[in-house]
Amino acid sequence: MLTKAEKTKQFILETAGPLYNEKGISGVSIDDVLAATRLTKGCLYGHFENKEDLSVQVVDLLLKKISDKIHLAVADKKTAKAKIFAFLDFYRDPIDTYISGGCPIFNTAVEADDNYPVIKQKIAGVFRAGQQDLINVLTEGINNGEFSPNLDATVFAFKLMASIEGGIVMCRTMDTAKPMQSLIKSLKTELEQYVI
């Protein structure tokens, strides 16, 4: 059971999350967070040292939420192919996303690259973990005879992540989900070529 202070802090993080995902770290001001939460500056600073502390904790929450949701989408699938297809299908509509504003992994990565080294390392960790999860699934598929040993799990995992993340930003910029659906179909077709 959360204490009142923990509930307030969670409320601040949950309310600030979409703001950060839509406007970016540098685009969100403390006043934006105060307006959205309807809390006082004293209350906010009772939970966070400064904007940087708030930003890091909001990014942590966003990354955890998206990672948990992806794992949930894949968890109940029985085969490696079904798991990869579920991962791809998770991104089927890059316009109407799980967290308002698009993929927080990509959104934050672009901004953090040059300006926020602590957050950049967090994003790098998510990319590495996500890629490793895909490598593990593909390798499992090779080892259990589902996929041909000719499938290079490391290269294909990187291709999946790079394609999906790039597809998200392009589709959101062009305001259409159609190219993403074609991309997902193409990636599934390519994986099917390795099915034994």
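The values are calculated or read from the model by the stated rules, or taken from the named source; none is laboratory data. If you're wondering where the values come from, they're calculated on a predicted model, not measured in any experiment. Glycine also receives a Cβ, built like all others from the backbone with ideal geometry; neighbour counts cover every protein chain displayed. Only protein heavy atoms, including side chains, enter the accessible area calculation; ligands, DNA and RNA are left aside. Shrake-Rupley method; radii C 1.70, N 1.55, O 1.52, S 1.80 Å.
Details
- Amide H within-cut-off set for Phe147, under 5 Å, with H built and near neighbours excluded: Ile142, Ile196
- Per-pair calculated FRET efficiency, R0 = 30 Å: Lys64 and Arg38 via Cβ, rounded to 0.05: 0.75
- Across all Cα atoms of region 11-57, the radius of gyration (one decimal) and Dmax (whole number) stand at 9.4, 25 Å.
- If R0 is taken as 41 Å, the Cβ-Cβ distance between Ile30 and Glu192 corresponds to a FRET efficiency of 0.25.
- Surface composition of region 69-145: carbon and sulfur atoms hold 54% of the protein heavy-atom accessible area at a 1.4 Å probe.
- Distance from the C-alpha centroid of region 164-185 to that of region 33-82: 24 Å, rounded to the whole angstrom.
- Short-range pairs are left out: with C-alpha atoms under 8 Å and at least six residues apart, the relative contact order of the chain is 22 percent.
- Per residue, the average separation of C-alpha pairs within less than 8 Å and at least 6 apart gives region 97-196 a relative contact order of 27 percent.
- Lys, Arg +1 and Asp, Glu -1 on Cβ, resulting dipole of the chain about Cα centre, debye, nearest 20: 360
- The lysines whose alpha-carbon is closer than 20 Å to the alpha-carbon of Lys7, local same-chain residues fewer than 8 away aside, are Lys41, Lys51, Lys64, Lys65.
- Mean Kyte hydropathy of -0.5 or more with a Cα span along the axis of at least 30 Å, helices from DSSP in the chain: 51-75, 117-143, 153-174
- Our estimate of slack between Ser182 and Ser100, defined as 0.36 nm per intervening residue step minus the Cα-Cα distance, is 27.2 nm.
- Signed unit charges on C-beta, dipole axis of the chain, positive-most listed residue Thr3, Ala177, Gly102: Thr3
- The chain - convex hull of the alpha-carbon atoms, volume per residue in Å³: 124
- Cα-based convex hull volume of region 1-87 per residue, rounded to whole Å³: 108
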